[in-house]
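Note sheet for the following structure.
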Amino acid sequence: TICLFYQYKEPSWTTREHKAALNKVQQLAKQYAITGRGRCAPEGLNCTLTASANDIRAFCYALRAWDPDLFNPTDFKLEDGVDDSKRFRTFTLRKVDELVGYTLDGVRAPSLNRHAGRHLEAPDYHKQMQQKDTVIIDVRNAYESDIGRFAPPAGGATLLDPKMRTSSDFPKWLNAPETKEQLKDKTVMMYCTGGIRCERATALLNQITDAEPEFETKGVVMVRGGIERYLKTFPEGGYWKGKNYLFDKRMEQAPANKTEEALEKDVESSCCLCQRPYAHYRGQHKCAKLIPSSGLSCAVPVIVCDATECQNIATTEPQKLECPLCVKGYQTPNTAPDLVGQ
């Protein structure tokens, strides 16, 4: 069984409470033979775990017994019957400053209690995509969006892709005047893999609109349980096109009732070397180009197909690997919102 979950803590754990949480989660993982990986920050916990069906549930119940107020509302997303080859070998829990790398930790973090977006169940989220005066934002990184995304129906929501190399790009994109103009007076939908990135992202947008009277939306919503829950609710795919990139050994999630032929027709991504249509990330290949504005290596994952020639080039000449954002010369806006001032 595989389990994905996150839980934000507000107000944040103190330094002593954070240390106690780290120790408790590690103790429970050992007790119930849990493997996987997680991030533990003062603002909460985010984990992807594997174990037997009984042990994973016992772990979840133990978290709720340890801190009922915090973990009773947690949405533990469980999938039974996963092949044993997808099991993590060990358990690692990283101590971090924030659960998602928005660089919005501490006093800069928008309050979820005051500003969080409204959760819609998958069927209601599906219906909202049919509405005009609606925009839908993919809150994931661009390389994830490349292999799968929502495709709202004609006359419905307009899809916006922030073209993020990393999550820290999102506040800058959201703060850009041209972005605000696209969101103004619209219902704003957001989505990500399991929901955790949307929690802070929706709160950030609501905090900005609260601070700027001339910038208003008609509401900010997210899908409860993320793409993962939507695809289980709509096993034929619904308005989803392609595959859902996953950060575990499954690598990607496809609609359960969609045929391989239909999935092939959905492919819009391609090998970065030969441009053959391809939608699998294998081999941990990274973009070798430098980002002009920062001089730092791009280093986002790139797709290399299974052709022998492409695999050889990727191994022997990795400097030739270039992601679609670098090919287009895309530059992230460079001004983040002043959340402390707001």
In whole Hz, what ³J(HN,Hα) sequence does the range 158-167 give by Karplus (6.51, -1.76, 1.60; θ = phi - 60°), x for Gly and Pro? 9, 7, 10, 10, x, 6, 8, 7, 9, 4
Flagged links, alpha-carbon separation over 24 Å, of K77/K286; K127/K243; K186/K265; K132/K265; K95/K180: K77/K286; K186/K265; K132/K265; K95/K180
Of A307, A29, A176, which is the most mobile in a GNM of the chain whose springs link Cα atoms less than 10 angstrom apart? A307
For the charge dipole of the chain, defined by +1 on Lys and Arg C-beta atoms and -1 on Asp and Glu C-beta atoms about the Cα centroid, which residue among V304, M222, M164 has the Cα displaced farthest towards the positive pole? V304
Based solely on its DSSP helices, what 222 nm [θ] is calculated for the chain when runs of n ≥ 4 H residues each add -39,500 (n - 2.57) and the sum is averaged over all residues, nearest 500 deg cm²/dmol? -8500 deg cm²/dmol
For the range 1-82, what is the charge dipole size about the Cα centre, in debye to the nearest 20, if Lys and Arg each add +1 at the Cβ and Asp and Glu each add -1 at the Cβ? 300
Quick note, the range 210-342: a/c under 1.5 would make it rounded; otherwise a/b > b/c is prolate and the rest oblate (a ≥ b ≥ c, C-alpha gyration tensor); here it is oblate
Identify all aspartates and glutamates with a Cα-Cα distance to K30 below 16 Å; exclude those on the same chain that are fewer than 8 residues away in sequence. D55
What lysines does K289 reach when the alpha-carbon gap must be under 21 Å and sequence neighbours fewer than 8 apart in one chain are set aside? K163, K320, K328
Just to confirm the filter: which trypsin sites (Lys or Arg not before Pro) across the range 281-339 are DSSP coil and have at most 14 other Cβ within 10 angstrom of their Cβ? R282, K328
So for the range 251-306, averaging the separation of alpha carbon pairs under 8 Å that are six or more residues apart and normalising by length, what relative contact order in percent results? 30
Quick check on the chain: take the gyration tensor over C-alpha atoms, sort the square-rooted eigenvalues as a ≥ b ≥ c, and tell me if it's rounded (a/c under 1.5), prolate or oblate. rounded
If amide H atoms are modeled at 1.01 Å from N in the peptide plane, then the residues at a separation of 5 or more from S270, or on another chain, having amide H under 5 Å from its own are Y278
Within the range 237-295, list the GluC sites (Glu not before Pro) lying in a DSSP loop whose Cβ has at most 15 other Cβ atoms in a 10 Å radius. E268
Relative contact order (%) - the chain, alpha-carbon pairs under 8 angstrom, separation at least six: 15
Which loop GluC sites (Glu not before Pro) in the range 151-222, with loop taken from DSSP, have no more than 13 other Cβ atoms within 10 angstrom of their Cβ? E214, E216
Under a GNM of the chain (C-alpha, springs under 10 Å), which listed residue has the highest mean-square fluctuation: R16, R118, R37? R16
Based on the alpha-carbon gyration tensor of the range 1-119 and its eigenvalue square roots a ≥ b ≥ c, which shape applies: rounded if a/c is under 1.5, prolate if not and a/b is larger than b/c, or oblate? prolate
Specify the inter-centroid distance of the range 75-153 and the range 287-332, based on alpha-carbon positions, in whole Å. 25
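No value in this document is a laboratory result; all are computed from the given coordinates. Predicted model, so just to flag it, every value in this text is computed and none were measured. All Cβ positions, even for glycine, are placed from backbone atoms using ideal geometry, and neighbour counts span all protein chains on display.
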